[in-house]
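*Asks:* This structure is in structure tokens; I'll ask about it shortly.
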Amino acid sequence: MDVERNWARVKAHRGKLNNQEIQGLASVLFLGQEDWLSRKLEQREDESLAIEFLAYLGQNGSEKATRILLRQLENREEMLQVAAVEGLKLCPIEFVLEPLASMMLRQNQNAIKAGEVLLHFGEIGVDVLWQLWFADGCSSSLRAQILRLLTEAADRRAEGLAFLAFLSEDEELLREALVAAERLGARELWGNVADCLGNASWKLRGRAAKLLGEWKVTEALAYLRDMGMDPDPWVEDERLKAIGVLE
């Protein structure tokens, strides 16, 4: 079978074929040609079409195609990363859960994209993200990413993770905790938010003051007064606005 000739024909007629037809062609013409498709990517030839075929081969049960997509997820080229994300969403869940979790724990530059793929798989993927939070070697930065993902998914456990995040001294994790509290409308965490008024970071102090004012938490009025005039103009403005609302 002349793979080059078949590839040229597919390229010439791609616009006339629907996704189901392309999926069928992938199985008939390119199953067993995963390495050939991988070389296309390495040579930067027809990247989008090669990724598309690898995704369909993965969907049809090719573990090799799935491994190639996982490798491309760690590519420095953002276009290939994004394409790999979409391709991996088509692959069997049993092929990708463990590799994606390992990729996140390695904390490379594409950990958040691995998390996006996990979210695509619904409750099973969300469970993996939840378990990663408590895994040995899970850094504060990774916990911040996990909290962001679970908040975006509106998972019921995100509020609990936000509470744990507020106990940290890491600025990135505290910032995500504030974002999560705001998006989830978790007014029960107002005390944790108020604690951020004394943080060394002006960004955290300002966001905390703004959120307490928006929530209209009257109990926080004393905290806002006690923190005194803030040296940062934006923080002070948010503090005074919040006091005005609560009074």
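*Asks:* Averaging over all projection directions, find the projected area of the Cα convex hull of region 40-98 and quote it in nm² with one decimal place.
*Replies:* 3.5 nm²
*Asks:* So for Met79, Met104, Met227, fewest C-beta neighbours within 10 Å to most, what's the order?
*Replies:* Exposure proxy ranking, most exposed first: Met79, Met227, Met104.
*Asks:* Compute the FRET efficiency between Thr218 and Arg106 as 1/(1 + (r/R0)^6), taking r as their Cβ-Cβ distance and R0 = 51 Å, and round to the nearest 0.05.
*Replies:* 0.65
*Asks:* Now, a different point. Given charges of +1 on the Cβ of Lys and Arg and -1 on the Cβ of Asp and Glu, with all other atoms neutral, how large is the dipole of region 189-247 about its Cα centre, in debye to the nearest 20? All intermediate terms of the calculation are to be shown ahead of the outcome.
*Replies:* On the way: 8 positive and 10 negative charges, 29 e Å.
Rounded to the nearest 20 debye, it is 140 debye.
*Asks:* Using only DSSP helix segments of four residues or longer, with each worth -39500 (n - 2.57), what per-residue ellipticity at 222 nm results for the chain after dividing by its residue count and rounding to 500?
*Replies:* For the chain, the value works out to -21500 deg cm²/dmol.
*Asks:* Using a cut-off of 19 Å between alpha-carbon atoms, which lysines can reach Lys210, once sequence neighbours fewer than 8 places away in the same chain are excluded?
*Replies:* Those lysines meeting the cut-off are Lys241.
*Asks:* Using only the alpha-carbon atoms of region 93-185 as identical scatterers, what base-10 log of I(q)/I(0) does the Debye formula give at q = 0.13, 0.19, 0.21 Å⁻¹?
*Replies:* Ignoring solvent entirely, the Cα scatterers give -0.37, -0.80, -0.97.
*Asks:* Additional query: Taking the Cα centre of region 93-185 as the origin, how large is its charge dipole in debye, to the nearest 20, when only Lys and Arg (+1) and Asp and Glu (-1) carry charge on their Cβ atoms?
*Replies:* Using Cβ point charges on Lys, Arg, Asp and Glu, region 93-185 gives about 100 debye.
*Asks:* How many times 2.2 N^0.38 Å is the alpha carbon radius of gyration of region 67-221?
*Replies:* Region 67-221 yields a ratio of 1.14.
*Asks:* Per residue of region 64-73, in order, report the coupling 6.51 cos²θ - 1.76 cosθ + 1.60 (Karplus, θ = phi - 60°) as ³J(HN,Hα) in whole Hz, putting x for Gly and Pro.
*Replies:* Karplus-based 3J(HN,Hα) across region 64-73 equals 5, 4, 5, 4, 5, 4, 4, 5, 5, 5 Hz.
*Asks:* For region 91-158, which chymotrypsin sites (Phe, Trp or Tyr not before Pro) pass both filters: DSSP loop (anything but H, G, I, E, B) and at most 15 other C-beta atoms within 10 Å?
*Replies:* Phe134
*Asks:* Net charge near Arg157: determine it from the other residues with C-beta under 15 Å of the C-beta of Arg157, scoring Lys and Arg +1 and Asp and Glu -1.
*Replies:* With Lys, Arg at +1 and Asp, Glu at -1, the neighbours total -3.
*Asks:* Sticking with this one: What are the principal axis extents of the Cα atoms in region 17-65, in Å, biggest first?
*Replies:* Projected onto its principal axes, the Cα set of region 17-65 covers 27, 23, 14 Å.
*Asks:* Whole angstrom only: what separates the Cα centroid of region 83-99 from the Cα centroid of region 45-61?
*Replies:* 12 Å
*Asks:* Additional query: List the lysines whose Cα lies under 23 Å from the Cα of Lys40, skipping any in the same chain that are fewer than 8 positions away.
*Replies:* Within the straight-line limit of under 23 Å, Lys40 reaches these lysines: Lys11, Lys16, Lys64, Lys89, Lys113.
*Asks:* Relative to the present Cα-Cα distance, how much length would full extension add between Asn199 and Glu123 at 0.36 nm per residue of separation? Intermediate values should be presented prior to the final figure.
*Replies:* On the way: separation 76, 0.36 × 76 = 27.36 nm, distance 3.52 nm.
Here the segment from Asn199 to Glu123 would lengthen by 23.8 nm.
*Asks:* In angstroms, what radius of gyration and Dmax does region 189-247 have, counting Cα atoms only?
*Replies:* For region 189-247, the Cα radius of gyration and maximum Cα-Cα distance read 9.6, 26 Å.
*Asks:* Find which of Gly213, Leu90, Trp133 sits farthest along the positive direction of the dipole of region 75-219, computed with +1 on the beta-carbon of Lys and Arg, -1 on that of Asp and Glu, about the Cα centre.
*Replies:* Positive-end residue among those listed: Gly213.
*Asks:* Once phi is turned into ³J(HN,Hα) by the Karplus curve 6.51 cos²θ - 1.76 cosθ + 1.60 with θ = phi - 60°, what whole-Hz value does each residue of region 122-130 show in order, with x for glycine and proline?
*Replies:* x, 4, 5, x, 5, 4, 5, 4, 4
*Asks:* Right, here's the next one. Does anyone have the angle between helix 47-59 and the longest principal axis of the chain? Alpha-carbon axes, 0 to 90°, nearest 10?
*Replies:* Once rounded, the angle reads 90 degrees.
*Asks:* Next up: Can you tell me how much longer the chain between Glu152 and Arg5 gets when fully stretched, taken as 0.36 nm per residue apart minus their C-alpha distance, in nm with one decimal? Walk me through the numbers on the way to the answer.
*Replies:* On the way: separation 147, 0.36 × 147 = 52.92 nm, distance 4.50 nm.
Contour length minus Cα-Cα distance gives 48.4 nm.
*Asks:* Report the residue, chosen from Ser201, Ser140, Ser62, that carries the largest GNM mean-square fluctuation when the chain is represented by alpha-carbon nodes joined by springs under 10 Å.
*Replies:* In the Gaussian network model the winner is Ser201.
*Asks:* In Å and whole numbers, how far do the C-alpha atoms of region 1-91 stretch along each principal axis, longest first?
*Replies:* Taking max minus min along each principal axis of the Cα atoms, region 1-91 gives 30, 25, 23 Å.
*Asks:* Between helix 202-215 and the chain, what is the angle of the helix's C-alpha long axis to the longest principal axis, kept within 0 to 90° and rounded to the nearest 10?
*Replies:* Once rounded, one gets 80 degrees.
*Asks:* What ranking of Thr151, Thr218 emerges when the number of other C-beta atoms within 10 Å of each C-beta is taken as an exposure proxy, fewest first?
*Replies:* On the way: Thr151 22, Thr218 11.
Placing the least packed residue first, the sequence is Thr218, Thr151.
Any read-out appearing in this document is the output of simple, stated calculations on the displayed coordinates, not a laboratory observation. Given the structure is predicted, the values throughout are model-derived calculations rather than measurements. Note that we place each Cβ from the backbone using ideal geometry, even for glycine, and neighbour counts take in every protein chain shown.
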